[in-house]
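Data block below; observations after.
The values are calculated or read from the model by the stated rules, or taken from the named source; none is laboratory data. In this text the structure is predicted, and so the values were computed from the model without any measurement. Ideal geometry is used to build each Cβ from the backbone, glycine not excepted, and the neighbour counts take in all protein chains shown.
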Amino acid sequence: MSVPKVGNSISSVGQLAGRAARLASRMTFDFEELDYRPTPIGALSLRRRRELKLGVDVFEIKLGDEFLMSSLFTASEIALARLGLAELSEHGLDVVVGGLGLGYTAKAVLEHQKVASLLVVEALEAVIEWHAEGLVPLGPELTGDLRCRFVQGDFFALANRRRHVPTVSREIPSSSAIAQLLSSATATDVSAEWRGCPIEAKGKEANS
């Protein structure tokens, strides 16, 4: 009768445990759920994962099983701001953006020197708080810009209530429609409509 090699068995178990610990550590580094909240429209989550092939951290917003935003795919968000502002020649613009997301549209707006102020109307309280708390990469930059302010509300419902503001579908609008939305008149109306909103962040005052 052969006697089992206990030493080798113990060694094998130890190696497996070590590999499991290293794998768990790597998984923690490579993936993290930064926040999770139930909302009236579904479960909202903010996640960070490591894209090993690219060597970058990817931030994602999910609503239920649907991906709302990813920091890997931001071209359309940036183009929204650039196309709209390209149609406007004035300086000292007060700009309104509907939806904050990961902040790429807002950042693109603030890169233009002709923008005097930016008001971002965001429907979900959690998204505003992620920026104010620095949980997303662009949060500190946006909240640190004194031209930028966030308010919670339904941008589309508000825009549809104002006769001189064009109705916007959730499809990609034309650049002329974007330009009309990014107008001083629109910013004035939206600011007045949401003045006094309890959830508001303006520049560095948001962190004070």
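Checking the condition surrounded by fewer than 16 Cβ atoms within 10 Å (Cβ to Cβ), among the small types (Gly, Ala, Ser) and modelled with pLDDT of 90 or more, which residue from Ala43, Ala86, Ala24, Ala20 passes? Reasoning before the result, please.
Working: Ala86 fails: modelled with pLDDT of 90 or more; Ala24 fails: modelled with pLDDT of 90 or more; Ala20 fails: modelled with pLDDT of 90 or more.
It is Ala43.
Can you confirm whether region 114-124 contains a residue that is assigned to a loop (DSSP other than H, G, I, E, B), out of contact with any Asp or Glu (no Cβ under 8 Å at 6 or more places or on another chain), touching a residue at least 40 places away in the same chain (Cβ under 8 Å) and not assigned by TED's automatic domain parsing to the domain that holds Phe29? If you could, list the steps in order and put the result at the bottom.
Looking only at region 114-124, we keep the residues that are assigned to a loop (DSSP other than H, G, I, E, B), and these are 114, 123-124.
Subsequent filtering for residues that are out of contact with any Asp or Glu (no Cβ under 8 Å at 6 or more places or on another chain) retains 124.
From what's left, touching a residue at least 40 places away in the same chain (Cβ under 8 Å): 124.
Narrowing the set further to residues that are not assigned by TED's automatic domain parsing to the domain that holds Phe29 leaves 124.
Yes, because at least one residue in region 114-124 is assigned to a loop (DSSP other than H, G, I, E, B), out of contact with any Asp or Glu (no Cβ under 8 Å at 6 or more places or on another chain), touching a residue at least 40 places away in the same chain (Cβ under 8 Å) and not assigned by TED's automatic domain parsing to the domain that holds Phe29.
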Residue in region 154-162 that is loosely packed, with under 14 Cβ neighbours inside 10 Å, out of contact with any Ser or Thr (no Cβ under 9 Å at 6 or more places or on another chain), within 20 Å of Leu80 (Cα to Cα) and modelled with pLDDT of 50 or more present: yes
Residues satisfying the stated conditions in region 55-107, i.e. more than 20 Å from Ala132 (Cβ to Cβ) and in a helix (DSSP H, G or I): Ala75, Ser76, Ile78, Ala79, Leu80, Ala81, Arg82, Leu83, Gly84, Leu85, Ala86
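Somewhere in region 163-178, is a residue surrounded by 20 or more Cβ atoms within 10 Å (Cβ to Cβ), hydrophobic (A, V, I, L, M, F, W, C) and either modelled with pLDDT of 90 or more or more than 28 Å from Val56 (Cα to Cα) (or both)? Before you say what the answer is, go through the steps one by one.
Of the residues in region 163-178, the ones surrounded by 20 or more Cβ atoms within 10 Å (Cβ to Cβ) are 178.
Next, from what is left, pick out any that are hydrophobic (A, V, I, L, M, F, W, C): 178.
Those still in the list that are either modelled with pLDDT of 90 or more or more than 28 Å from Val56 (Cα to Cα) (or both) too: 178.
The answer is yes; a qualifying residue exists.
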